[in-house]
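> One structure coming up, written as structure tokens, with questions to follow.
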Amino acid sequence: MAIWHINGGNRLEGACFVQGSKNAALPILAASVISANETDLLNVPQLSDVSSTLRILRQLGCTAEQQNNDVYIDSRSLNCCTIPKGMMECMRSSVLFMGALLARCGEVHLTAPGGCKLGARPIDLHINAMRSLGASVEENGCEIICRAEKLKGGRIELPFPSVGATENAMIAACGASGETVITGAAREPEIVDLQEYLRKLGAYISGAGTSTVTVSGFVPERHAGHRIIPDRIVASTFLCAAAATGGDIELRGVDSRQFLRLQHFLNSAGCDIISSKRSVRLSSDGHLNAVDSVVTEPYPGFPTDAQPILMAALLKAKGKTKFREDIFDSRFCHASQLMRFGADIAIDGREATVWGVRSLKGATVSSTDLRGGAAMVIAALSADGSSSIIDAGHIARGYELFDYKLRSLGADIFTEI
Ligand code: UD1
């Protein structure tokens, strides 16, 4: 069990490169099996979720290797369409193998996926999407078996723009005959990146980034090369950490247009932000103000993944900030841990109110989930005295060399494995 020890109070200063996006890389890794091909991916972050996905690919018979930030996959040797429960439960995105293996093999045996505990996380929209393409889906105890001799293109109407269900539908539709139209699709940048990769694999697909995505054919290519987009949530985390510590940092290799709402809130809180297309610089004197209410929404709205980290950044902001969580039904677990630092937070259902306090004091807390863990790091960096974050392994699921990068920006962090 990893424990992070942080001595708070240091300003973050300097420049840092932002890693590739976890949430773009994971669907692309799953999609790599839809045809017999070789894939070379660049800018893949070194994370435990990526290693778990590569393990699934090897379980399926593929060659799957990561060297630094390059990943090579050879899916020509795929010889299995079953994913064991233990592998499915490592993360939520394992469910994307449902669409990918149906497209490739016409059959898949798996179980419900795992992932951060943020309330109920059903997969009904994924299953309905497979059924809309003509697959039969049987649930036998904890096992889910999907079959389709040949998927048939159709209309998939998503009642909510689920990111994963949109991705699963796009991936499965590549194996279907005829045209598939997905309406009510999620519009996240990671979905656009998946479309780019599917095109390189041979898909005729358009519309990603809007709420209607159309897949009209697939002529498999033997090789696809792709560079993963930068991680907008990791970029947001560094900005929040700099804001909370009165720091001055420049993020490089980002697409600043993909986290404008976060920049807007930090700017309203009193931070100076200068962004160009590929970089963002934030400077803060550490004296922040509360902001207008923060409501999480599907992209391009304020992302639910950035809610815990913005909350952590505003714990000392003068005044009252209201947060409303409209994506997940239980995403305030981090709040009780943040209160251990002396934060003043009240939770009422899907709303949290934060009253800024003068100072935070070091505490021992337990990382609740991936972004909750990052929020605790931000609180610890801006607290007086020393803090310990237990169960920090959650953080490694989404942040590459986070402790090392924060240290290079001036943070006082020691990691105990
Ligand atoms: C993805 C992201 C995650 C992010 C989330 C919302 C990845 C690997 N993960 O998760 O970091 O927090 O988008 O931006 O990309 N829902 C259903 N039925 C379904 C599917 C979803 O009711 O079949 C509900 C969920 O319970 C949740 C909401 O839809 O309340 C959003 O979930 P979804 O967009 O699917 O998130 P994920 O793809 O799981």
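Throughout, read-outs are computed from the coordinates displayed, never taken from laboratory work. In this text the structure is predicted, and so the values were computed from the model without any measurement. Heads up, the Cβs are rebuilt from the backbone with ideal geometry, glycines too, and the neighbour counts pull from every protein chain shown.
> If each DSSP helix of 4+ residues adds -39,500 (n - 2.57) and the sum is divided by the residues in the chain, what number results at 222 nm, nearest 500 deg cm²/dmol?
-8500 deg cm²/dmol
> A further question on this structure: Percent relative contact order of the chain, based on C-alpha pairs within less than 8 angstrom and at least six residues apart?
With pairs under 8 Å counted, the relative contact order is 21 percent.
> Now for a separate question. Assuming 0.692 mPa s and 37 °C, estimate D for the range 72-152 with Stokes-Einstein, Rh taken as the Kirkwood radius over Cα pairs, in µm²/s.
Estimated via Stokes-Einstein, D reaches 250 µm²/s.
> While we're here: Which values of log₁₀ I(q)/I(0), to two decimal places, follow from the Debye formula for the range 246-355 at q = 0.15, 0.17, 0.21, 0.23 Å⁻¹ with a uniform point scatterer at every Cα?
Here log10 of I(q) over I(0) equals -0.64, -0.82, -1.17, -1.31.
> Right, something else. Given +1 on the Cβ of Lys and Arg, -1 on the Cβ of Asp and Glu, and no further charges, what dipole in debye does the chain carry about its Cα centre, rounded to the nearest 20?
320
> To the nearest 0.05, how large is the calculated FRET efficiency for Glu107 and Met1 if R₀ is 41 Å and r is the Cβ-Cβ distance?
0.60
> Something else now. How far apart, in nm, are two points set 7 Å out from the Cα along the Cα-to-Cβ line at Asn79 and at Arg252?
4.6
> In the structure displayed, which of Lys117/Lys316; Lys22/Lys200; Lys277/Lys318; Lys22/Lys277 lie more than 25 Å apart, Cα to Cα?
Lys117/Lys316; Lys277/Lys318
> Further, regarding this structure: Rounded to the nearest angstrom and ordered from largest down, what semi-axes does the equivalent ellipsoid of the range 168-228 get from its C-alpha gyration tensor (root of 5λ)?
17, 15, 7
> Which residues among the range 278-307 fall inside the zone where the amide N is under 15 Å from a point 7 Å beyond the Cα of Ser211, along Cα→Cβ?
Taking a point 7 Å out along Cα→Cβ of Ser211, the residues of the range 278-307 whose backbone N falls under 15 Å are 297-301.
> For the range 256-393, what relative contact order do you get, as a whole percent, if you take Cα pairs closer than 8 Å and at least 6 residues apart?
About 20 percent, as a whole number.
> Hey, with R₀ at 45 Å, roughly what FRET efficiency would Leu260 and Arg55 work out to, going by the Cβ-Cβ distance, to 0.05?
In this case the efficiency is close to 0.80.
> Extent of the range 1-141 along each principal axis, from alpha carbon coordinates, in Å, largest to smallest?
Cα spread of the range 1-141 along its principal axes, largest to smallest: 57, 37, 27 Å.
> For the range 107-176, what does the alpha-carbon gyration tensor say about shape, rounded, prolate or oblate, given a ≥ b ≥ c as the root eigenvalues, a/c under 1.5 as rounded, and a/b over b/c as prolate?
Numbers: a/c = 2.14, a/b = 1.23, b/c = 1.74.
The shape class here is oblate.
> Still on this structure: Relative to the present Cα-Cα distance, how much length would full extension add between Tyr204 and Phe17 at 0.36 nm per residue of separation?
Net length gain for the segment: 64.0 nm.
> Per the Kirkwood formula on distinct C-alpha pairs, the Rh of the chain is how many angstrom? All intermediate terms of the calculation are to be shown ahead of the outcome.
Numbers: mean 1/r = 0.0461 Å⁻¹.
About 21.7 Å, per the Kirkwood formula over Cα pairs.
> Could you let me know the centre-to-centre spacing of the range 288-332 and the range 145-162, using Cα atoms, in angstrom?
33
> For the range 14-159, what is the charge dipole size about the Cα centre, in debye to the nearest 20, if Lys and Arg each add +1 at the Cβ and Asp and Glu each add -1 at the Cβ?
Computed charge dipole of the range 14-159: roughly 240 debye.
> In degrees, nearest 10, range 0 to 90: what is the angle between the Cα axis of helix 163-173 and the longest Cα principal axis of the chain?
Taking the Cα atoms of the chain, the angle to 163-173 is about 20 degrees.
> Then there's this: State, to one decimal in nm, how far the label point of Ser136 lies from the label point of Asp70, with both points 7 Å from Cα in the Cβ direction.
Placing both labels 7 Å beyond Cα along the Cβ direction yields 4.6 nm.
> Related question: Quick one: angle between helix 370-381 and the longest Cα principal axis of the chain, in degrees between 0 and 90, rounded to 10, please.
20
> Additional query: Under 13 Å from the Cβ of Asp384, count the other residues' Cβ atoms, weight Lys and Arg +1, Asp and Glu -1, and hand me the total.
+2
> Determine, for Arg104, Arg232, the number of other Cβ atoms within 10 Å of each Cβ, and report the residues in order from fewest to most.
Values: Arg104 22, Arg232 27.
Listing Arg104, Arg232 from fewest to most nearby Cβ atoms yields Arg104, Arg232.
> Using Cα centres only, tell me the gap between the range 188-265 and the range 337-396 in whole Å.
After rounding, the separation between the Cα centres reads 28 Å.
> Given q = 0.22 Å⁻¹, what are the Debye log10 I(q)/I(0) values for the range 128-233, with equal point scatterers placed on the Cα positions and solvent ignored?
Each listed q maps to, in turn, -1.16.
> Mind pulling the angle between the C-alpha long axis of helix 189-201 and the longest principal axis of the chain? Nearest 10 degrees, somewhere in 0 to 90.
Rounded to the nearest ten degrees, it is 30.
> Which one, Ala135, Asn289, Ala173, projects farthest toward the positive side of the charge dipole computed for the chain from Cβ point charges (K/R +1, D/E -1)?
Asn289
> Report the FRET efficiency, 1/(1 + (r/R0)^6), for Val357 and Ile274, where r is their Cβ-Cβ distance and R0 is 30 Å, rounded to 0.05.
0.55
> Please order Met311, Met1 by the number of other Cβ within 10 Å, starting at the fewest.
Going from sparsest to densest Cβ surroundings: Met1, Met311.
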